[in-house]
1. Could you go through the range 91-103 and let me know if any residue there is free of Cβ contacts under 8 Å to residues at least 12 places away in the same chain, of a type outside the set (Gly, Ala, Ser) and not assigned by TED's automatic domain parsing to the domain that holds GLU247.
2. So if I check each of LYS173, LYS179, which one is farther than 18 Å from LEU58 by Cβ and in contact with a helix residue (DSSP H, G or I) (Cβ under 8 Å, 6 or more places away or on another chain)?
3. Considering only the range 311-338, how many residues are of a type in the set (A, V, I, L, M) and outside any loop (DSSP other than H, G, I, E, B)?
4. Test of understanding: among GLU252, GLU198, GLU137, GLU240, which residue is exposed (fewer than 15 other Cβ atoms within 10 Å of the Cβ) and not assigned by TED's automatic domain parsing to the domain that holds LEU33?
5. In the range 332-346, is there at least one residue being more than 21 Å from the chain's Cα centre (by Cα), acidic (Asp, Glu) and surrounded by 14 or more Cβ atoms within 10 Å (Cβ to Cβ)?
6. Take ASP171 and tell me if it is out of contact with any Cys (no Cβ under 6 Å at 6 or more places or on another chain) and without any contact (Cβ under 8 Å) to a residue 24 or more places away in the chain.
7. In the list GLU57, GLU126, which residue meets the criterion of being surrounded by 19 or more Cβ atoms within 10 Å (Cβ to Cβ), touching a Gly at 6+ places or on another chain (Cβ under 6 Å) and not aliphatic (A, V, I, L, M)?
8. Scan the range 392-401 and tell me whether some residue there is crowded, with 18+ Cβ neighbours inside 10 Å, at pLDDT 90 or above and in a loop (DSSP other than H, G, I, E, B).
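The values are calculated or read from the model by the stated rules, or taken from the named source; none is laboratory data. It should be emphasised that the depicted structure is a prediction, and the values quoted were computed from it without experimental measurement. Quick reminder, even Gly has a Cβ in these numbers, built from the backbone with ideal geometry, and neighbours come from all protein chains shown.
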Amino acid sequence: MNQMQKSVYKAAEKSQDIVLLSPTGSGKTLAFLFPLLRNLKKNVTGIQALILVPARELALQIEQVFKSMGTDFKVSVCYGGHDKKIEVNNLIEAPAVLIGTPGRVVYHLRNNNFDPKTIQTLVLDEFDKALELGFHEDMEFICNSLKGLSQRILTSATAMEDIPAFTGLKDEKVINFLKLNDVKPDIQLKKVTTTSEEKLDTLFNLICKIGNKRTLIFCNHRDAVDRISELLRQKGIDRETFHGGMEQDERERALLKFRNDSARILITTDLAARGLDVPEVESIVHYQLPPKEDAFIHRNGRTARMNAKGFAYMIMTEEENFPFIKNDTPIENVAGFEKVPEKTPFQTIYISVGKKDKVNKVDIVGYLLKKGELQKEDVGLIEVKDTASYVAVSRNKVNSVLRKLTNEKLKGKKVKMEVAY
């Protein structure tokens, strides 16, 4: 554990309420999961802990982290866009931990799909973001429904002047790591100068110079995301897009392919600036700079995480002026860089079965190794969803494995397999 996580764990010993202020990427998820886990009791029915989050992707991310801790406790997620029937079925035999977005948790409460009286620990993760997104009313309803709470943990990536009374915090301990040097990211800021007409070409040159490193490209508007995506597609560069105009399953698939090394470029709006666990991003590119410094800081928080170094590039015209960009910021020259980065090592395969079909990661690995004749190193990240699964497979083995598995069955069932686009 880092110092921030140790501080939270110790402060939460006697079920004291906690307000944790710590930058994006400093490890807040584990900071609240450790004390939450300490509070969980075996052989107890009902939900014991509720984690409220502002975004669906964050809910799924926390679920993954909790599962990776290898406990015997059941965890479930609920969020807008997810099949309500599946969620209701998961709640019949209540999980020890429920992770959800405010709107969907309110839905289940109003329909009496779980008993709120058993919940003893409440985590309000990215609370500042949840308020910013307008979840005040839903969160107030939820907090007022939880009568048996013994501990509240609230996390925020920004300092908060007023915390709403509905949270019910009592004698809370504030743990503030926002300004300490040991979590200050080591980010090198660089300007890339261009003209409005040449901005897309300049971005292409910059990507060629960055090379095959995991990179987030931030835009202010969805149409810019789509425009850049089309340019890179024409150039033969693997990339994914992520913005609020996409369907939920498209957004999940984009993040999945970015995580599993099928694509090392993610073009996005500020929707991906906070809360999402995108590992080891080495470069941030601001294709369009945000109007406010806070948004600029949160974007940059996606890199230089956990003591790693990171780079943030601002593509700017001579006329542009932002008060939070210093005049003496070094200039990065990208002229002449036109060699397209190498293809990513993996490609993602879709398999038409998931948790509802009683299929797990072990089944899929056995299927690919035995019947698909792959080696262990040819199989990357596997993610099993409710009705589908996604596997990263070595790019040079994808065609042969799809051919070999055309008529093979997985757990006695004929499955559809194809490259996930």
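1. If we filter the range 91-103 for residues that are free of Cβ contacts under 8 Å to residues at least 12 places away in the same chain, which is where we start, we get 92.
Filter once more, so that each one left must be of a type outside the set (Gly, Ala, Ser): 92.
This time we only want the ones that are not assigned by TED's automatic domain parsing to the domain that holds GLU247, so: 92.
Checked against the condition, which is being free of Cβ contacts under 8 Å to residues at least 12 places away in the same chain, of a type outside the set (Gly, Ala, Ser) and not assigned by TED's automatic domain parsing to the domain that holds GLU247, the range 91-103 yields at least one hit.
2. Numbers: LYS179 fails: in contact with a helix residue (DSSP H, G or I) (Cβ under 8 Å, 6 or more places away or on another chain).
On inspection, the qualifying residue turns out to be LYS173.
3. Keep residues of the range 311-338 that are of a type in the set (A, V, I, L, M), which gives 312, 314-316, 325, 331, 334-335.
Subsequent filtering for residues that are outside any loop (DSSP other than H, G, I, E, B) retains 312, 314-316, 331.
So the count comes out to 5.
4. Details: GLU252 fails: exposed (fewer than 15 other Cβ atoms within 10 Å of the Cβ); GLU137 fails: not assigned by TED's automatic domain parsing to the domain that holds LEU33; GLU240 fails: exposed (fewer than 15 other Cβ atoms within 10 Å of the Cβ).
Selected residue: GLU198, the only one of GLU252, GLU198, GLU137, GLU240 that is exposed (fewer than 15 other Cβ atoms within 10 Å of the Cβ) and not assigned by TED's automatic domain parsing to the domain that holds LEU33.
5. If we filter the range 332-346 for residues that are more than 21 Å from the chain's Cα centre (by Cα), which is where we start, we get 332-343, 345.
Checking the rest, the ones that are also acidic (Asp, Glu) come to 332, 338, 342.
Right, trim to surrounded by 14 or more Cβ atoms within 10 Å (Cβ to Cβ) and you get 332.
Among the residues of the range 332-346, at least one is more than 21 Å from the chain's Cα centre (by Cα), acidic (Asp, Glu) and surrounded by 14 or more Cβ atoms within 10 Å (Cβ to Cβ), which makes the answer yes.
6. Working: out of contact with any Cys (no Cβ under 6 Å at 6 or more places or on another chain): yes; without any contact (Cβ under 8 Å) to a residue 24 or more places away in the chain: no.
Here the answer is no, as ASP171 does not meet what is asked.
7. On the way: GLU57 fails: touching a Gly at 6+ places or on another chain (Cβ under 6 Å).
Result of the check over GLU57, GLU126: GLU126.
8. Looking through the range 392-401, none of the residues is crowded, with 18+ Cβ neighbours inside 10 Å, at pLDDT 90 or above and in a loop (DSSP other than H, G, I, E, B).
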